[in-house]
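The values are calculated or read from the model by the stated rules, or taken from the named source; none is laboratory data. Here the structure is a predicted model, which means the values were calculated and not measured. When we count neighbours, we look across all protein chains shown, and the Cβ atoms used for this are built from the backbone with ideal geometry, even at glycine. All accessible areas refer to the heavy atoms of the entire protein, side chains included, with ligands and DNA or RNA removed. Shrake-Rupley method; radii C 1.70, N 1.55, O 1.52, S 1.80 Å.
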Amino acid sequence: MKPNVLILRAPGVNCNNETAYAFEQAGAVAEQIHINRLLEQPRLLDQFQVLCFPGGFSYGDDIAAGRILANQIRHHLNGAIADFIAADKLILGVCNGFQILIKSGILLADDAAGVPATLDWNESGIFHDNWVRLHVAGDKCVFLQGITSMYLPVAHAEGRFITRDAATFDTLETNGQLVLRYEPADNPNGAEGNVAGVCDVTGRVFGLMPHPERHIVTTQHPHWTRLDNRDPDSRGDGFAVFQNAVGYWL
């Protein structure tokens, strides 16, 4: 059976079609559902094995990137999503989706001291749209199994991962949750520890700032004609992320 993937749509989200296509190419059945429908029927989640928050600018990134949609989830869908995670299902957040996972508390739960980490404005203070080299740290994350490095595009203004304090960073690192790092020379936003992606303690909830759905075929590489492998039908670095999500269920 092909796993069913829910791609969550909301005003301002603009990477939903590419993300659905990537999951479908990996062998899943992807359905795009608007946040209003899910708010009306939270148990729709029961029909799916993977939940994905795609990239874009949900609600225009008013207040802060991902904040409004994160608040909707925190106040109205918290129980349904907790049940979803407890059922050993997968959640992926890409770029704005990562911001939503962080600010809703789905990815890193609040504790007595408050929010453990956030995604702040890029150190440069400007929007970055370029390609970056990444390496995978550890083997905890389901979505990154078998991957050691990737070359993916980034496109964000608020992607700088920072923790509440040094102790929190050390705890996340010790737990193996800081699973994706920019190569130091390619850190586009000044993220603490060059962190580009984080998973939860189970390894089944994963958020990352780079866009794997924008590099699922070789021809999406900015220099693909100069590569040793120029086959236009070969897969790009980001495709394995979606293959791993599908493979988890097969």
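Here are a few things to note about the model shown:
- Residue count for segment 1-17 under the criterion of being within 15 Å of the chain's Cα centre (by Cα) and buried (at least 18 other Cβ atoms within 10 Å of the Cβ): the result is 8.
- Check on ALA117, open to solvent by less than 50 Å² (accessible area, probe 1.4 Å), within 15 Å of VAL94 (Cα to Cα) and either touching a residue at least 40 places away in the same chain (Cβ under 8 Å) or of a type outside the set (Val, Ile, Thr) (or both): no
- Residues of segment 30-89 classified as among the polar types (S, T, N, Q) and either open to solvent by less than 10 Å² (accessible area, probe 1.4 Å) or in a strand (DSSP E or B) (or both), total: 2
- Considering GLU213, GLU192, the condition of being within 30 Å of PHE169 (Cα to Cα), open to solvent by 30 Å² or more (accessible area, probe 1.4 Å) and charged (D, E, K, R) is satisfied by GLU192 alone.
- The set of residues from segment 123-140 being more than 12 Å from ARG181 (Cβ to Cβ), touching a residue at least 60 places away in the same chain (Cβ under 8 Å) and either touching a strand residue (DSSP E or B) at 6+ places or on another chain (Cβ under 9 Å) or open to solvent by 80 Å² or more (accessible area, probe 1.4 Å) (or both) comprises GLU123, HIS128, TRP131, LYS140.
- Among residues of segment 135-158, those that are part of a strand (DSSP E or B) and under 15 Å from the mean Cα position of the chain (by Cα), counted: 7
- Note on segment 90-134: residues that are small (Gly, Ala, Ser), part of a strand (DSSP E or B) and farther than 13 Å from PRO210 by Cα total 2.
- Among (1) touching a Gly at 6+ places or on another chain (Cβ under 9 Å); (2) among the aliphatic types (A, V, I, L, M); (3) modelled with pLDDT under 95, the one test that LEU227 misses: (1)
- Of the residues making up segment 198-227, those that are touching a Lys or Arg at 6+ places or on another chain (Cβ under 8 Å) and on the phi < 0 side of the Ramachandran plot are CYS199, ARG204, ILE216, VAL217, THR218, GLN220, TRP224.
- Cβ pairs under 8 Å, 6+ apart, first in segment 223-247 and among the acidic types (Asp, Glu), second modelled with pLDDT of 95 or more and open to solvent by 30 Å² or more (accessible area, probe 1.4 Å): ASP237/SER149; ASP237/TYR151
- Filter result for PRO184 (without any contact (Cβ under 8 Å) to a residue 40 or more places away in the chain and of a type outside the set (A, V, I, L, M)): yes
- When the criteria are applied in full, ASP110 meets the requirement of being modelled with pLDDT under 95 and either open to solvent by 40 Å² or more (accessible area, probe 1.4 Å) or within 14 Å of the chain's Cα centre (by Cα) (or both).
- Spans of strands (runs of 3 or more DSSP E) in segment 164-250 with at least 3 residues under 23 Å from ILE91 (Cα atoms), under 19 Å from the mean Cα position of the chain (by Cα) and not charged (D, E, K, R): 195-199, 205-208
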